[in-house]
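Enquirer: Can you read through this structure? Questions will come right after.
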Amino acid sequence: MALVYGSVQSSVVAEGLCFYPDASMVSKIFTVLAMVAGLVGYLYGPYWKVRRVPGPPTIPLVGHLPMMTKYGPGVFSVLAKQYGPIFRFHMGRQPLIIVADAELCKEVGIKKFKDIPNRSIPTPIAASPLHQKGLFFTRDSRWSTMRNTILSVYQPSHLANLVPSMQNCIESATENLHSSKQDVVFSNLSLKLATDVIGQAAFGVNFGLTTPQSINQSDEVSDFIDQHIYSTTQLKMDLSGSLSIILGLLVPILQEPFRQILKRIPGTMDWKIERTNKKLSGRLDEIVSNRMKDENRGSKDFLSLILSARESQNVATNVFTPDYISAITYEHLLAGSATTSFTLSSIVYLVSGHPEVEKKLVEEIDGFGPHNQVPTAYDLQHKFPYLDQASSDASFPCIFCKL
């Protein structure tokens, strides 16, 4: 005997209870299951590719971001001690492979660099189109062409020619230190020094950040530096960035739609970043345009070398378009100034805690020769072994116990 309720939504059979859902209910169930499977696949797809790399357990959506709140920048040292020199760290959904060993960094960054052409774009970079056209985030054949073209910039002979420019900046930065009556914030000093050196090397432009106070810096240069610093400091890979960056960390698919909306709303952080990057792009395009018109620009700085290669038709002009030239030149300033400044500050900080190391360093430097003797590139490479060891090990404080 069967009892039928309504249409054909269910049937009860005397021999046993049987339930037959209709087609619409089956469709809804499979739709929900598909959505759940899609969400799980979207969130854990990147993790699955690197699941064999050691690392702490991840939290859905936020990954390992809470660990940054707990430990701050020291989180990577903590994880390196626990998981070894290579480990996973998840910025929200996006996994990063951290290499916490100096020799392995050289292996990855130099010897294996060409084997990693298409890098994933970090969330903060995705919120800033200005930074996406540099060497690190271009892709496929354009990346290969860019890389092969700029290799000459990193030849020892070219880098050796930059030593006099570095020396001039160092002398300007330290000229009045002995007579200063105020405390010197070394991290600020090192950032200005690195920015001046790289400004000369990348753009052939003297920003004048390390010149004595009596020499006034032009408003144009000052405005450019202010914009550069603001744009750089907003590249935050944590939950203190703009709303679009936070969404990018948690649900990347929502980042670009929200960025397009928020950048049009005055007062939002996305709006401020967009305005700053437009000003920076305009200033960079102006520098590139003026250098293109300069027939006597020479080939001492990075920008001039790129333009000369482009004009000699050694590379395709559709690869090094003006916007890409601006971006790759700015990338040198962006990538070099902050990292160099941090390294210098770290060395001073770590050495200050080890008087015996400081004494050996000073003895080696003073033993080189008179104070007015300027070292050459060869001297820096071969006559300061202890200084080279100390600077190489600056990221690993425990090494100072062995120096």
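Computed from the coordinates by the stated procedures, all read-outs in this text should not be read as laboratory data. Since the model is a prediction, treat every value here as computed from it, not as a measurement. Methodologically, a virtual Cβ is constructed for each residue, glycine included, from the backbone with ideal geometry; neighbour enumeration extends over all protein chains shown.
Enquirer: In whole percent, what relative contact order does the range 238-394 give with Cα contacts below 8 Å and a gap of six or more residues?
Expert: Rounded, it is 12 percent for the range 238-394.
Enquirer: Pairs 181/278; 81/133; 106/360; 70/192; 272/293; 81/111: which are spaced more than 29 Å apart, C-alpha to C-alpha? Provide the component values of the computation, followed by the final result.
Expert: Numbers: 181/278 40 Å; 81/133 36 Å; 106/360 27 Å; 70/192 31 Å; 272/293 32 Å; 81/111 25 Å.
Beyond 29 Å between Cα atoms: 181/278; 81/133; 70/192; 272/293.
Enquirer: Show me, for the range 261-267, the HN-Hα J-couplings you get by feeding each phi into the Karplus relation (A = 6.51, B = -1.76, C = 1.60, θ = phi - 60°), rounded to Hz, glycine and proline as x.
Expert: Along the range 261-267, the couplings run 6, 5, 5, 9, 9, x, x Hz.
Enquirer: So what J values fall out for the range 363-379 if you push phi through Karplus, 6.51 cos²θ - 1.76 cosθ + 1.60 with θ = phi - 60°, rounded to Hz, Gly and Pro as x?
Expert: 5, 5, 5, 5, x, 5, x, x, 5, 8, 7, 8, x, 8, 4, 5, 4
Enquirer: What ranking do 377-383, 144-150 get when scored by the average of other Cβ atoms within 10 Å per residue, highest first?
Expert: Top of the packing list down: 144-150, 377-383.
Enquirer: Follow-up. Estimate the FRET efficiency between residue 163 and residue 118 by the formula 1/(1 + (r/R0)^6), using the beta-carbon distance for r and 35 Å for R0, to the nearest 0.05.
Expert: Computed FRET efficiency for residue 163 and residue 118 comes out at 0.50.
Enquirer: Okay, next question. Label residue 33 and residue 389 with points 7 Å out from Cα along Cα→Cβ: what is the distance between them in nm?
Expert: Between residue 33 and residue 389, the simple spin-label model gives 6.5 nm.
Enquirer: Also, quick follow-up: I'd like the distance between the alpha-carbon centres of the range 100-114 and the range 344-385, rounded to an integer number of Å.
Expert: 26
Enquirer: On a straight-distance basis, which lysines could pair with residue 28 in a cross-link, Cα separation under 26 angstrom, same-chain partners fewer than 8 positions away excluded?
Expert: Of all the lysines, none pass the test against residue 28 - Cα under 26 Å, at least 8 places apart if same chain.
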